[in-house]
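Okay, so here's the structure we're looking at.
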Amino acid sequence: MRTKIRQLLSTTDHTALIGQEHTVKGWVKTVRSQKNLTFVELNDGSSFGNLQIVIEAGLKGYDTIIPKVTTGASMSVTGVITQSPGQNQAIELQANTIKILGEAEPEGYPLQKKRHSFEFLRTIAHLRPRTNTFGAVARVRNALAFATHLFFQQRGFLYIQPPIISTSDCEGAGEMFRVTSLDMLNLPKTADGQIDFSKDFFGCPTFLTVSGQLNAEAYACALSDVYTFGPTFRAEKSNTARHLAEFWMIEPEMAFAELEDNMSCAESFIKFLLKHVLENCAEDMAFFNEFIDPGVIERLQKVLDTPFERASYTYAVRVLQKSGKTFEFPVEWGLDLQSEHERYLTEEFFQKPVILTDYPRKIKAFYMRDNSDEKTVAAMDVLVPKIGEIIGGSQREERLDVIEKKIPEFGLDPKPYWWYLELRKYGSVPHSGFGAGFERLLRFVTGLDNIRDVIPFPRFPGSAAF
Ligand code: 4AD
Ligand code: MG
C-alpha cells in the first residue's frame, strides 16, 4: 500500500510515525549526494512539502541506482520513518528498497533547480504542474472549486449544467466562436449568396456559449435557486493578464431576488471562498505570501473582515473625475469603466472591495432590468484590489413588454430568444444572478499576476497549445 506524502507530513504527532514502514511514490525534486549517503527530496503533489528520503551506501544496488536518481525521475521507495536530525524537517524516510519507475535524463529535463520565468513555464505547460508554484495553484484551484459547491449546496442551490453549444449571444458583444461541421472549402450557399446554415449540423448558426445565464434563468424560474459552474468562451482579442478565450464561470441565479439580495450573495460567496482557502490551504498560501505576492494573506484577511463598500456608477464617475489622476482612458458618464478606473476605486479611493450598481443601460447587456430613471439598469459589478472586476451581475428584466422592446433595440435578432420571452409570459418573477470569473478569483487569492498561470492549459489569442 502506498502512502501519500501529505498523510505523513500533516500528521501532528510525528513521534507516532517513527519506526513505521511506509511506501511512497513521487518525483524527485532535488538530490544531494555525500560520500556514503544520498538525500532526495520527493514530491507526489499531495502537499506542498517534500519528503526527505535518506539512502545509505549500504543499500543493495546503491551504485547502480543512484545515477538514475535525478531531478524529475519518478520512483517508489519503501523504508522506515525516522526522526530527522536536519533543521528543515521533523521526519525522513530511511530507504530500504528503491525502484526507479521512470528515468529523467538530466540534459533533457527542463525543470532543473534554478528558478524559471512564468513565460518559459507557459511553453512547458505539461511539466509546469511539477513546480512549486503550479502545484500550489492546482491545489488552491481544487479547494476553491470544492468551496464553491459547498457554499451553494449549503444554501440549497441546485447545481445545473447549461449547454456549451448555443444559438444565443447572452452578452450581446458578438464575441462568439462558431461551431460548425460545414466543409470550409465547399460551403453551401443560399440563393442570395450567403452561407446556408440550414445545411449545417444543427440546421442553424451555432456558437460556443459566452455564458450559461439565460439557461440558468429558465431553471431558476422553476426551482428558485440554481448555479452553474463550467467553461465559457469569448472570442475577444484581448491580450491581457485578465482575459482568457476559455475560462470558467460560476453563475448563480435566484428567483424572488432583487439586486440587494444579489449583492449580499456575491459578498458572502467571496468571503466564504477566502475563509475556506485560508483555513485549508495554509501551506500553499504561505508560499504565495512569501514568494509570489508578499502581503496576500493579510489582504485576503482584511477583505474577509470588512463589509464591502456599495456605490452607484454615477457616484464612481464623479469620484474618478475629481481624483486629480490622469487616466489612459476617458472618464465620462455613459462610458464603460476600464481596469485602471476600477483599480483606482477599489485600491486607492475605497481601499476595499466595492460593489458598483446602476450602470448606464446602453453599456450593459439587454437582459438587465431597466431602472425607473430610464437611463440606468439594476446592474452590479464587484471590484476587488489588484484585479478590478471579479463579478458581474444584475437583476433581470422580468417585464415582458420591456424585454420585447429591448432585444431589437440592442441589435439582437429576437428569433432565438422566443423561449426566453416565454419565461416572462408565464409566471414571471423578479430574479437576479451574477457571474464570477473563476480564474479572476484565483488570481485574487494566489496573487499571481497573469490569468494564464491560474488555469492548467490557457487559451488566448494565438495559442491553443497542449
Ligand atoms: O461580466 P460578464 O461578461 O457577465 C456575464 O457573463 C453574465 N452573464 C454573468 C451573469 O450575470 N450570470 O462576466 C462575468 C465574469 C466577469 O466579472 C469576469 O470575472 C469573468 O466573468 N470574465 C472573464 N474571465 C476571464 N477571461 C475573460 N475573457 C472574461 N470575461 C469575463
Ligand atoms: Mg462584466
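The values are calculated or read from the model by the stated rules, or taken from the named source; none is laboratory data. Small disclaimer: the values here were computed from a predicted structure and weren't measured. Glycine gets a Cβ as well: all are built from the backbone with ideal geometry, and neighbour counts include every protein chain shown.
Checking 445, 429 one by one, the residue that is surrounded by 22 or more Cβ atoms within 10 Å (Cβ to Cβ) and either within 17 Å of the chain's Cα centre (by Cα) or away from ligand 2 (no atom under 15 Å from the Cβ) (or both) is 445 and no other. Taken together, the residues in the stretch 187-220 that are away from ligand 1 (no atom under 16 Å from the Cβ) and outside any loop (DSSP other than H, G, I, E, B) amount to 6. Scanning the stretch 39-79 for residues that are within 33 Å of the chain's Cα centre (by Cα) and at positive phi yields 45, 72.
Does the stretch 400-408 contain any residue that is within 16 Å of ligand 2 (Cβ to nearest atom), closer than 23 Å to residue 169 by Cβ and surrounded by 22 or more Cβ atoms within 10 Å (Cβ to Cβ)? Show your work before the answer.
Going through the stretch 400-408, the residues within 16 Å of ligand 2 (Cβ to nearest atom) turn out to be none.
No, the stretch 400-408 contains no residue that is within 16 Å of ligand 2 (Cβ to nearest atom), closer than 23 Å to residue 169 by Cβ and surrounded by 22 or more Cβ atoms within 10 Å (Cβ to Cβ).
Name the pairs: first residue in the stretch 319-336 and closer than 20 Å to residue 364 by Cα and among the basic types (Lys, Arg), second residue modelled with pLDDT under 95 and surrounded by 12 or more Cβ atoms within 10 Å (Cβ to Cβ), Cβ to Cβ under 7 Å, at least 6 apart or on different chains? That search, which allows pairs on different chains as well, returns nothing. Go through the residues of the stretch 293-310 one by one and say whether even a single one is buried (at least 17 other Cβ atoms within 10 Å of the Cβ), within 27 Å of the chain's Cα centre (by Cα), closer than 23 Å to residue 375 by Cβ and among the aliphatic types (A, V, I, L, M). No - not one qualifying residue is present in the stretch 293-310. Among the residues making up the stretch 365-419, those that are near ligand 1 (Cβ under 10 Å from one of its atoms) and charged (D, E, K, R) are 381, 389, 396. The residues of the stretch 327-364 that are more than 20 Å from residue 264 (Cβ to Cβ) and within 13 Å of ligand 1 (Cβ to nearest atom), listed by number, are 336, 337, 339, 342, 363, 364. For residue 465, the criteria (1) at pLDDT 95 or above; (2) part of a loop (DSSP other than H, G, I, E, B); (3) exposed (fewer than 15 other Cβ atoms within 10 Å of the Cβ) hold in every case but one, which is (1). At least 3 residues being of a type outside the set (Phe, Trp, Tyr) and surrounded by 15 or more Cβ atoms within 10 Å (Cβ to Cβ) is the threshold, and among the helices (runs of 4 or more DSSP H) wholly inside the stretch 58-166 those reaching it are 132-154.
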